[in-house]
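Step one of this worksheet: look at the structure below.
The values are calculated or read from the model by the stated rules, or taken from the named source; none is laboratory data. As the structure is a prediction and not an experimental result, all values here were calculated from the model. Backbone-built Cβ (ideal geometry, glycine too); neighbour counts: all protein chains shown. We work out accessible area using only protein heavy atoms, side chains counted, and drop any ligands, DNA or RNA first. Shrake-Rupley method; radii C 1.70, N 1.55, O 1.52, S 1.80 Å.
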Amino acid sequence: MAKTVHVSEINDIIKNDDAVLIDVRETDELKETGYVPGAILLPMSTLSIEDETLKKHKDDTLYIMCRSGRRSENVQHALLEQGYDAVNVEGGILEYEGEREEL
């Protein structure tokens, strides 16, 4: 079964060395809302399983985030099929209340 966490937990989770947050929103969305500090930005429209950034984190737990949690769930399932440990971040940036980086 695919794992999920609520976005309210994400800042504590990514303090762990083997936890990586990946934001799959598009550039225009990131400009509007900012993003969670430390997130790796990999827009879903250009995301490839062959991406070197993903390969570098093959042994880490990947937390996938988007606007609300729907797109990130799709990406999560694609990554799970490729053997990644991927967790969907429910609530996305819409429910995120922490600090934000600007694009």
Exercise for review: Report yes if some residue within segment 29-47 is closer than 14 Å to N88 by Cβ and either in contact with a His (Cβ under 6 Å, 6 or more places away or on another chain) or without any contact (Cβ under 8 Å) to a residue 12 or more places away in the chain (or both); otherwise report no.
Suggested key: no
**Study point:** Subset of segment 90-100 [touching a residue at least 40 places away in the same chain (Cβ under 8 Å) and open to solvent by 60 Å² or more (accessible area, probe 1.4 Å)]
**Key:** E90, E95, E97, E99, R100
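Name the helices (runs of 4 or more DSSP H) wholly inside segment 27-89 in which the number of residues that are open to solvent by less than 30 Å² (accessible area, probe 1.4 Å) is 3 or more. Walk me through how you get there before you give the answer.
Numbers: elements: 27-33, 52-56, 70-81.
Per the criteria, 70-81.
Residue by residue, here is whether (1) out of contact with any Asp or Glu (no Cβ under 9 Å at 6 or more places or on another chain); (2) closer than 20 Å to H6 by Cα; (3) among the hydroxyl-bearing types (S, T, Y) holds:
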residue: L21; (1), (2), (3): yes, yes, no
residue: T27; (1), (2), (3): yes, no, yes
residue: Y35; (1), (2), (3): no, yes, yes
residue: S48; (1), (2), (3): yes, no, yes
residue: E52; (1), (2), (3): yes, no, no
residue: C66; (1), (2), (3): no, yes, no
Revision key, fill the gap. Across (1) among the aliphatic types (A, V, I, L, M); (2) modelled with pLDDT of 95 or more; (3) open to solvent by 50 Å² or more (accessible area, probe 1.4 Å); (4) farther than 20 Å from N16 by Cα, L103 clears everything bar (2)
Point to revise | Residue within segment 37-45 that is on the phi > 0 side of the Ramachandran plot and under 11 Å from the mean Cα position of the chain (by Cα) present | key: yes
